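The values are calculated or read from the model by the stated rules, or taken from the named source; none is laboratory data. In this text the structure is predicted, and so the values were computed from the model without any measurement. Cβ atoms come from the backbone with ideal geometry, glycine included; neighbour counts cover every protein chain shown. Surface accessibility is based on the protein's heavy atoms, side chains included, excluding ligands, DNA and RNA. Shrake-Rupley method; radii C 1.70, N 1.55, O 1.52, S 1.80 Å.
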Amino acid sequence: MTDIAAIQALHAGPHRMVLAISGGGSQASSDLLQVPGASNTLLEAVVPYSHAALSDWLGGEPESFCSRETALSMATVAWHRARGLARRSGLADDDCLGVACTASLGSAEPKRGEHRCWIAVECSEGSRIRSLILTKGARDRAGEEELVADLVVSTLA
């Protein structure tokens, strides 16, 4: 369930971000945009969903498309992009964030591996990362998507 108060506080704060989401959690960008003030926070949201798109975003194919390393790399690219967009908009780049989520959720074909997500935030002070392993069968795809999107928002809060 979307935490409107957390998003309002985020929009009232100093941070500006680029959000990159692959594999699941894209509802987080919609959640951020549905609360007034998103233009104070969100510089750009991208969904490099296919393997080719994510490889282009990263500048090369990752060893794994849903991993700690990939989330951190995605967040670093997003942070550099946020800084560039802020500067070109005449804004300071001190409070820029690169936010990334890579997820492997339920799909039409059953997955052999875990349903999981990695969420990374990059800023001038360094990186932060969270992960979650979901219990297979506990939720449908929509439920997993909502859970991961909520985790993205709570990570930012």
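Summary table
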read-out: Which listed residue is over 13 Å from the mean Cα position of the chain (by Cα) and either free of Cβ contacts under 8 Å to residues at least 12 places away in the same chain or under 25 Å from Gly137 (Cα atoms) (or both), from Asp94, Asp56; value: Asp56
read-out: Residues located in the range 29-69, provided they are closer than 19 Å to Gly113 by Cα, open to solvent by 40 Å² or more (accessible area, probe 1.4 Å) and of a type outside the set (Ser, Thr, Tyr); value: His51, Glu63, Phe65, Arg68, Glu69
read-out: Residue pairs meeting the criteria (Cβ under 7 Å; at least 6 apart or on separate chains; first in contact (Cβ under 8 Å) with a residue 40 or more places away in the chain, in the range 106-119; second charged (D, E, K, R) and surrounded by fewer than 20 Cβ atoms within 10 Å (Cβ to Cβ)); value: Trp118/Arg68; Ile119/Arg130
read-out: Residue count for the range 1-28, restricted to those that are under 25 Å from Glu69 (Cα atoms) and either open to solvent by less than 20 Å² (accessible area, probe 1.4 Å) or not in a helix (DSSP H, G or I) (or both); value: 13
read-out: Any hit, the range 32-43, residues being of a type outside the set (S, T, N, Q), closer than 19 Å to Glu144 by Cα and in contact with a helix residue (DSSP H, G or I) (Cβ under 6 Å, 6 or more places away or on another chain); value: yes
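Let's see how each residue does on (1) assigned to a loop (DSSP other than H, G, I, E, B); (2) over 19 Å from Ser64 (Cα atoms); (3) within 19 Å of the chain's Cα centre (by Cα):
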| site | (1), (2), (3) |
| --- | --- |
| Arg112 | yes, no, no |
| Trp118 | no, no, yes |
| Ile129 | no, no, yes |
| Glu145 | no, yes, yes |
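A quick yes/no check of all residues on (1) closer than 13 Å to Ser22 by Cα; (2) open to solvent by 20 Å² or more (accessible area, probe 1.4 Å); (3) out of contact with any Asp or Glu (no Cβ under 8 Å at 6 or more places or on another chain); (4) of a type in the set (Val, Ile, Thr):
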{"residue": "Trp79", "(1), (2), (3), (4)": "no, yes, no, no"}
{"residue": "Ser89", "(1), (2), (3), (4)": "no, yes, yes, no"}
{"residue": "Glu109", "(1), (2), (3), (4)": "no, yes, yes, no"}
{"residue": "Ser127", "(1), (2), (3), (4)": "no, yes, yes, no"}
{"residue": "Glu145", "(1), (2), (3), (4)": "yes, yes, yes, no"}
{"residue": "Asp150", "(1), (2), (3), (4)": "no, yes, no, no"}
